[in-house]
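Undergrad: Handing you this structure, nothing more for now.
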Amino acid sequence: MSKTLQAIRGMNDILPEQTPAWRYLEGALADLLDGYGYKEIRLPILEFTELFARGIGEGTDVVDKEMYTFLDRNEESLTLRPEGTAGCVRAVLEHGLSGGGQVQKLWYAGPMFRYEKPQKGRYRQFHQIGVEAFNLPGPDVDAELIVLTARLWQQLGLADAVTLQLNSLGSSEARAAYRDALVAYLNERFEQLDEDSQRRLTTNPLRILDSKNAQTQALLVGAPTLADYLDEESRLHLEGVKARLDAVGIRYEINNKLVRGLDYYNRTVFEWVTDKLGAQGTVCAGGRYDGLVTQLGGKATPGVGFAMGVERLVLLLETLELLPAELNSRADVYLCAFGEAAELAGLGLAERLRDAIPGLRLLVNSGAGSFKSQFKKADKSGARFALILGEDELTARVVGCKPLRDDAEQQNIGWDALAQHLAACLQALE
Ligand code: ATP
Ligand code: MG
């Protein structure tokens with residue numbers, strides 16, 4: 001026997017028992033974003049490597065260590081997207097969607113790929129739902145993004161399970177000045193830093209702030225803080241975001257060490273965090289990236305966005321048992337037919353029922369089988385009614401209609417009356 005093949009580590013199948021939860025979450029988000037006027041955009045999964053090198057930035061973990069990059073048959077370097085913002089900006093520029101200062105509010109969903117160490121809540125293929133807004137420089141839209149996510153938590157029952165962390169990275173000048181001060185401070189303590197942080201001191205020093213290493217965190221207690229370097233405009237911007245969150249009663253915690261993993265952020269950054277999932281606690285993260293569009297070759301265009309981790313949110317909903325029971329949709333009706341003539345007639349009847357009762361969940365028995373075996377399958381399907389069509393019923397042009405969830409009697413119903421009868425029975429059970 002040949003060896004059975006397995007999926008790549010960290011790339012998961014999402015099995016039929018899991019997809020209802022995914023659809024529930026994705027559906028809730030699509031409706032929510034509709035309600036706020038955000039439009040869906042669908043983007044390729046593969047892009048030229050250069051897009052991410054320029055967009056996310058060399059020196060970030062994502063670009064240096066986590067990308068799936070390869071040469072295609074034409075010797076061009078391509079990369080499976082590790083995140084969605086760079087591709088979204090690329091598409092917006094390519095199609096002139098942000099030209100003339102026009103406002104765009106967009107969202108996308110789909111798989112992202114990062115070569116990370118797989119563990120609970122962290123995978124190599126994972127899914128994000130991302131939202132981006134262009135040409136809106138003010139704090140109103142930063143707040144809107146946060147407000148709409150807060151509404152989602154409310155709808156899903158997660159409001160008490162997540163908290164909002166907020167920070168401002170300031171202008172790129174302020175950030176650069178702060179970076180210099182931080183590097184100077186940490187250079188004096190270089191030997192005490194963990195190995196990762198030593199490396200980051202030259203590649204991406206701000207990332208040291210969210211190091212998980214306890215000794216490094218202790219060193220940081222005396223370090224200069226980002227807040228002291230914040231430029232006046234950014235400070236006002238942050239106040240504007242806070243005022244709006246206060247106005248709608250959204251609580252937040254200012255976290256001076258929140259810097260985000262990708263290079264392109266400025267001003268507002270935020271994360272929604274839960275303590276219910278262990279180490280992988282960030283379920284949604286985003287911020288402002290006013291410099292990214294120019295970095296990718298476009299005219300200066302303010303941008304702000306976020307991405308949610310779908311796996312982590314589904315896990316959270318499962319962990320807290322917040323998935324509605326009716327998600328695992330069962331059948332309404334199961335049609336059993338005995339003999340080929342009955343099967344043919346049954347098929348026609350089934351299609352007429354689907355025409356007459358929109359949304360009907362009707363399973364037609366496949367693979368023939370004895371009375372006993374078809375009935376067993378009807379029962380297992382969870383259907384409320386079995387329809388029985390044998391030779392006698394065929395001759396009399398009736399169908400046996402048997403309630404499966406109570407002891408009510410089986411009734412013979414004429415073909416022409418069947419749809420109305422079933423619709424009424426199902427309605428009565430609602
Ligand atoms: P983390 O600090 O957890 O690595 P990140 O800062 O790299 O997150 P972003 O690039 O901002 O994450 O992505 C947004 C969201 O996507 C994260 O908050 C998380 O919910 C999810 N996410 C990121 N990487 C993964 C992954 N490897 N597996 C599953 N979900 C992920
Ligand atoms: Mg990461």
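Undergrad: For segment 54-187, which semi-axes, largest first and in whole Å, follow from the square roots of 5 times the eigenvalues of its Cα gyration tensor? Write down the numbers at each step before the final one.
TA: Details: eigenvalues 133, 105, 92 Å².
Semi-axes, largest first: 26, 23, 21 Å.
Undergrad: Which value does Rg/Rh take for segment 289-430 over its C-alpha atoms, Rh per Kirkwood?
TA: On the Cα set of segment 289-430, Rg over Rh gives 1.32.
Undergrad: Using amide H atoms built 1.01 Å from N in the peptide plane, name the residues 5+ places from HIS127, or on other chains, whose amide H lies under 5 Å from its own.
TA: Residues meeting the criterion, in which the H sits 1.01 Å from N, are MET112, VAL310, GLU311.
Undergrad: Give me the distance in nm between label points sitting 7 Å out from Cα along the Cα-to-Cβ direction at ARG251 and VAL147, one decimal.
TA: Rounded to a tenth, the inter-label distance reads 2.1 nm.
Undergrad: Compute the long axis of helix 19-35 from its Cα atoms, compare it with the longest principal axis of the Cα atoms of the chain, and write down the angle in degrees, 0 to 90, nearest 10.
TA: 60
Undergrad: Please turn the phi angles of segment 53-62 into ³J(HN,Hα) values with the Karplus equation 6.51 cos²θ - 1.76 cosθ + 1.60 (θ = phi - 60°), one per residue in order, whole Hz, x for glycine and proline.
TA: 4, 6, x, 7, x, 5, x, 8, 4, 4
Undergrad: Just to be sure I understand: of the beta bridges DSSP finds with both ends in segment 283-375, what percent are antiparallel, rounded to 5?
TA: Values: 5 of 8 bridges.
If I count the DSSP bridges inside segment 283-375, around 60 percent turn out antiparallel.
Undergrad: Going by a ≥ b ≥ c, the root eigenvalues of the Cα gyration tensor, does segment 109-265 fall in the rounded group (a/c under 1.5), the prolate group (a/b larger than b/c) or the oblate group? If you can, show how the numbers build up before the last one.
TA: Numbers: a/c = 1.90, a/b = 1.28, b/c = 1.49.
It comes out oblate by the Cα gyration axes.
Undergrad: For segment 194-301, which trypsin sites (Lys or Arg not before Pro) pass both filters: DSSP loop (anything but H, G, I, E, B) and at most 11 other C-beta atoms within 10 Å?
TA: On the way: sites: ARG199, ARG200, ARG207, LYS212, ARG235, LYS242, ARG244, ARG251, LYS257, ARG260, ARG267, LYS276, ARG288, LYS299; in loops: LYS212, ARG251, LYS257, ARG260, LYS276, LYS299.
Those that pass, being in a loop and sparsely packed, are LYS212, ARG251, LYS299.
Undergrad: Still on this structure: Give the angle, between 0 and 90 degrees and rounded to the nearest 10, that separates the Cα long axis of helix 371-380 from the longest principal axis of the Cα atoms of the chain.
TA: Value to nearest ten degrees: 30.
Undergrad: For LYS402, which lysines qualify as cross-link partners when the Cα separation must be under 29 Å and same-chain residues fewer than eight apart are set aside?
TA: Cα-Cα hits under 29 Å: LYS372, LYS376, LYS377, LYS380.
Undergrad: Same structure, new question: For segment 306-405, calculate the relative contact order in percent as a whole number, restricting contacts to Cα pairs under 8 Å that are 6 or more residues apart.
TA: Working: 120 pairs, mean separation 32.2, N = 100.
The normalised contact order for segment 306-405 reaches 32 percent.
Undergrad: Rounded to whole Å and sorted largest first, list the principal axis extents of the Cα atoms in segment 178-273.
TA: The Cα atoms of segment 178-273 stretch 47, 27, 24 Å along the principal axes, largest first.
Undergrad: Indicate the gyration tensor shape class of segment 242-313 (rounded, prolate or oblate), computed on the Cα atoms with a ≥ b ≥ c the square roots of the eigenvalues: a/c under 1.5 is rounded; otherwise a/b larger than b/c is prolate and the rest oblate. Show your work: numbers first, answer last.
TA: Values: a/c = 2.26, a/b = 1.44, b/c = 1.57.
Oblate, since a/c reaches 1.5 and b/c is not below a/b.
Undergrad: Take every DSSP beta bridge with both residues inside the chain and express the antiparallel ones as a percent of the total, to the nearest 5. Show your work: numbers first, answer last.
TA: Details: 51 of 64 bridges.
That works out to approximately 80 percent antiparallel.
Undergrad: So what is the diffusion coefficient of segment 1-100 in µm² per second by Stokes-Einstein at 20 °C and 1.002 mPa s, using a Kirkwood Rh over Cα pairs?
TA: Numbers: Rh = 16.8 Å.
Estimated via Stokes-Einstein, D reaches 128 µm²/s.
Undergrad: What whole number of Å gives the distance from the Cα centroid of segment 379-425 to the Cα centroid of segment 121-149?
TA: Their Cα centres are 50 Å away from one another.
Undergrad: Determine the relative contact order of segment 94-184: mean sequence separation of Cα pairs under 8 Å and six or more apart, normalised by residue count, in whole percent.
TA: Numbers: 63 pairs, mean separation 19.0, N = 91.
About 21 percent, as a whole number.
Undergrad: Let me ask something additional. Quick one: pull the percentage of alpha-carbon pairs in segment 1-55 with a separation above 16 Å. Show your work: numbers first, answer last.
TA: Values: 1057 of 1485 pairs.
For segment 1-55, the fraction of Cα-Cα distances above 16 Å is 71 percent.
Undergrad: Sticking with this structure for a sec: Quick one: Karplus J couplings for segment 105-122, per residue in order, coefficients 6.51, -1.76, 1.60, θ = phi - 60°, nearest Hz, x for Gly and Pro?
TA: 10, 10, 9, 8, 9, x, x, 10, 9, 9, 7, 10, 7, x, 6, 4, x, 9
Undergrad: Over the Cα atoms of the chain, each weighted equally, I'd like the Debye log10 I(q)/I(0) at q = 0.10, 0.12, 0.13 Å⁻¹, rounded to two decimals.
TA: These q points yield log10 I(q)/I(0) values of -0.81, -1.00, -1.12.
Undergrad: On alpha carbon coordinates alone, what is the Rg over Rh value for segment 84-134, Rh being the Kirkwood radius?
TA: On the way: Rg = 14.1 Å, Rh = 12.5 Å.
Ratio of gyration radius to Kirkwood radius: 1.13.
Undergrad: Classify segment 167-232 as rounded, prolate or oblate, taking a ≥ b ≥ c as the square roots of the eigenvalues of its Cα gyration tensor: rounded when a/c is under 1.5, otherwise prolate if a/b is larger than b/c and oblate if not.
TA: prolate
Undergrad: How high is the relative contact order of the chain, in percent, counting Cα pairs under 8 Å that sit 6 or more residues apart?
TA: Details: 698 pairs, mean separation 63.3, N = 430.
Over the chain, the number comes to 15 percent.
Undergrad: Karplus couplings for segment 268-282 from phi (6.51 cos²θ - 1.76 cosθ + 1.60, θ = phi - 60°), rounded to Hz, Gly and Pro as x?
TA: 4, 10, 8, 9, 9, 10, 10, 9, 9, 10, x, 5, 8, x, 8
Undergrad: Sticking with this structure for a sec: Under the rule of at least 5 residues apart or a separate chain, name every residue whose amide H is placed under 5 Å from the amide H of THR268.
TA: Amide H neighbours of THR268, under 5 Å, 5+ apart: LEU169, ARG288.
Undergrad: Can you list residues from other chains, or at least 5 along the same chain, whose modelled amide H is less than 5 Å from the amide H of ALA383?
TA: Placed amide hydrogens put ALA331 under 5 Å from ALA383.
Every read-out reported here was derived from the displayed coordinates using simple, explicitly stated rules and does not represent laboratory data. In this text, all values refer to a predicted model and were calculated from it rather than measured experimentally. FYI the Cβ positions are ideal-geometry reconstructions off the backbone, even for glycines, and counts take in every protein chain you see.
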